[in-house]
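All of the numbers you see were taken from the coordinates with simple rules; none came from a lab. Here the structure is a predicted model, which is why all the values come from computation and not from measurement. Here the Cβ positions follow ideal geometry from the backbone for every residue, glycine too, while neighbour counts run over all protein chains shown.
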Amino acid sequence: MGWKRPLFAVATLALFLALVELLLAARGVRPLLDERDPFAGFSERVRVFELDAASGRYRTAPRALVHSFHRQEFAARKPPGGYRIFVLGGSSAFGFPWGAEVAFPHALGAALQASTPGRLVETVNAAAMSYGSHRLRILATELLDHEPDALVIYGGHNEFVERRFYRDRLERRPELDPARALLQRWRLYSLLARLLQQRTRHEVDPLAARNPGELLGLDVVRETATHVAAAETERVRADFAANLRAILAAAHGRGVRVVLCSVPSNLRDWRPNQSIFGSDVTPERRRQVLELLTAGGRALDGGDPGAAVASLEQAVRLAPMHAEAQFRLGRAYEALGRFADARDRYVLARDVDAQPTRAPSRLNATLRALATEPGVTFVDVEKLFEEASPHGILGFSLFEDYVHPKPEAHRLIAFALWRAFLERGLMGPARPAPAEEFARLVGPGPGRGSPAAPAAASGPATVRQLYNLAFVLENQGLDQQAIDKFRAVLERQPAHHGARYNLARLLARGGNVAEAEREYRTALDTARDDPLYAPILIALADTQREQGRAKEATANYRRALAIDPRNAAGWGRLGDALAESGRPDEAERAFRQALELDPADVEALAGLGFVQLLAGRTADALAGFARAAELRPDHVRARGGLAAALVEAGRLDEAERLFREVLRDAPDDAMARGGIEIIARRRAVGRGP
């Protein structure tokens, strides 16, 4: 009898859990295994392609479609005489941001099929967002089970991301995989895991997101390496070479040809992500380098590239590993027409970038070295892009951003690969492959710039990726390119009020205030019940205030604050509008409301200080401006206000020193120039006749 009670308890618990599982299934709770890989890519239990027995075809698994892979399919049994190609790589081969029908594997497959009539050619885009060579090595193991004739590898940009992946690889215990898989299939566990994730996740405002790794990582956790020095680059290169050699060896063992591609990147139009000084650079040399960078930048902006080169050459002599110094010197050389020197500096700037998101020269050198391995064909895409770029310097003519090719660049890659397959005899006897034939087979190519993409490039995934790409471009200070991408989003989804809001924001920042106002008004029409409605109203009011329509601006600020009364910035903007309308008492109340919500709101502190100063409350104004300048020493308005208050307090020497500091940072600041003139007049009056 003693064993019955525990058995009954276990049976009761099992029945209860089974009922919970059925209830959760009825409510649509999906197992985690449907949407993520519990083994971080290190287990054969989770595969990218699943067999659909009814159709006799392999299709991309639903879990793999959530973030990383395209929807692709191929025959379960390769037909006699058929030819099957898998393309492996990261987001560049994936076709970010346009999608599979724009990516080069699609055009390559179409051209190969059309040029070999009567023979089935299957070209499968198995590239995945953010995949580096460590994941490609695992993926290749699966793909080689599907009878490929060739693998095309276009990768190298993601070798410095997902560093956690390597740690997991060393620490994971494979014998626990069955238990992990069971947990991931259990709906109750899945529900609790999601709730915990939501509770602990750091919320990021998508409108304020700036980190390219955060923006582009869709399945891989992009843990981008920072402060990368030469030793780390060499370790990554060695891992890259080892992973590719493993793929080559596995493919060679199955009689599968491999096509390796060099991977180009944007050189002239993409600044380094992170610049660091070498350990041998003293603090004094750092100060000198920063001063030389400032001088070189001013000379270049002022139309004197010769003087810029003189300053910047000295800077790179003092700090040769400083990526920004190398990049600016490249810009100066290019302005002088020294294009070969400019390219060399741009390449060096990329290679010493301490937060690398572009494949450095060492990785492309590794690819070229591996081209001599048995069964390998090499396509030098980097050289191809140089030949197609002005002065051989890669930039926005071929790239959407830092590494992702434009549609016309994907076409160039497809043509180079098609020619390699035919001319080097990968599909049979070698034969000529002229460009005219390729154009006839796949149709006319797009013109320069991002063309109207096909229908497949207008879906939700493309819209989301274009939207994210716009933020990446803005983060680089490339506002016009970001504007173009927000417009591309709106061409595909006119009611995307987030894209319209950000388009208007960039237009206003660029001085196109009237156009920005029109875009804000359109955004309001589609954002009635959206959290963005109040921010859009505030932004609309900003444009009206900038156009001198303070009354309309005031009304819209009040509308926004009625919706979101805890918006500190909105109260501060309302205070500015009221002050400009000659209503200082109401303005002061608005500023104080802003500061009650956010005591560190520098704009509100400065606004309140000016109201107090105009009311003759100099001591109060001094205290407020001093607090604002303490919080933000670089805030020109706060420092200018503090100087103005010092003038009213009779502390002219302090005021003049502060005004001159403002002019050093903002040479066109009217308040500082006017303040110095007032000080001069007051001193003249004090000296008398």
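Key figures for this structure:
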{"item": "Centre separation in Å (Cα based) which lies between segment 509-524 and segment 86-100", "result": "34"}
{"item": "Computed log₁₀ I(q)/I(0) - Debye formula, equal Cα scatterers, no solvent, segment 486-590, q 0.10, 0.18, 0.20, 0.24 Å⁻¹", "result": "-0.27, -0.81, -0.96, -1.24"}
{"item": "Cα-projected label distance for LEU188 with ALA114, points at 7 Å along beta-carbon direction, nm", "result": "5.8"}
{"item": "Reference-scaled alpha-carbon Rg (2.2 N^0.38 Å with N residues) for segment 283-351", "result": "0.99"}
{"item": "Rounded to 5, the percent of DSSP beta bridges in the chain classed as antiparallel", "result": "30"}
{"item": "Expected 222 nm ellipticity per residue - DSSP helices of 4 or more, -39500 (n - 2.57), all of the chain, to 500", "result": "-18500 deg cm²/dmol"}
{"item": "DSSP-assigned coil residues among chymotrypsin sites (Phe, Trp or Tyr not before Pro) in segment 454-530, each with at most 14 further Cβ atoms within 10 Å", "result": "none"}
{"item": "Contour excess over end-to-end distance, with Cα ends at ALA231 and LEU17 and 0.36 nm allotted per residue", "result": "71.8 nm"}
{"item": "Footprinting exposure proxy for PHE327, PHE74 (fewest neighbouring C-beta atoms within 10 Å first)", "result": "PHE74, PHE327"}
{"item": "Most positive-pole-ward Cα, GLY641, PHE104, ALA242, against dipole of the chain from beta carbon charges", "result": "ALA242"}
{"item": "Length gained when the stretch ARG651-ALA600 is fully extended (0.36 nm per residue, less Cα-Cα span)", "result": "15.7 nm"}
{"item": "For GLU122, residues with placed amide H under 5 Å, excluding near neighbours", "result": "TYR83, ARG84, ILE85"}
{"item": "Where labels lie 7 Å past Cα in the beta-carbon direction, separation of ARG27 and LEU336 in nm", "result": "7.0"}
{"item": "Label selected from (i) 28.3, 90; (ii) 30.5, 118; (iii) 26.3, 97, the criterion being Rg and Dmax of the Cα atoms in Å as computed here", "result": "(ii)"}
{"item": "Length released on extending from ASP525 to ALA670, taking residue separation times 0.36 nm less the Cα-Cα span", "result": "48.4 nm"}
{"item": "ILE563 paired with ASP585, simple spin-label distance in nm, labels 7 Å along Cα-to-beta-carbon", "result": "3.1"}
{"item": "Residue order, fewest to most beta carbons within 10 Å, for THR233, THR282", "result": "THR282, THR233"}
{"item": "Peptide ranges 296-304, 98-106, 310-318 listed from the most packed, as the mean C-beta count within 10 angstrom indicates", "result": "98-106, 310-318, 296-304"}
{"item": "Note, ³J(HN,Hα) from phi for segment 287-301, Karplus 6.51, -1.76, 1.60, rounded to Hz, x at Gly and Pro", "result": "4, 4, 4, 5, 5, 5, 4, 5, 5, x, x, 5, 5, 5, 5"}
{"item": "Segment 432-444 - phi-based ³J(HN,Hα) in whole Hz, Karplus 6.51/-1.76/1.60, Gly and Pro as x", "result": "x, 9, x, 4, 4, 5, 4, 4, 5, 6, 10, x, x"}
{"item": "Rg to Rh quotient for segment 324-394, alpha carbon positions, Kirkwood Rh", "result": "1.05"}
{"item": "Cα shape, segment 538-623, gyration tensor, a/c 1.5 rule", "result": "oblate"}
{"item": "Residues in segment 247-269 reached by a label modelled at GLU423 [backbone nitrogen below 16 Å; 7 Å Cα→Cβ]", "result": "260-262"}
{"item": "R0 of 60 Å, Cβ-Cβ distance GLU73-ARG5: FRET efficiency to nearest 0.05", "result": "0.65"}
{"item": "Phi to ³J(HN,Hα) by Karplus 6.51 cos²θ - 1.76 cosθ + 1.60 over segment 409-420, Hz, x for Gly, Pro", "result": "6, 4, 5, 4, 5, 4, 5, 4, 5, 4, 5, 5"}
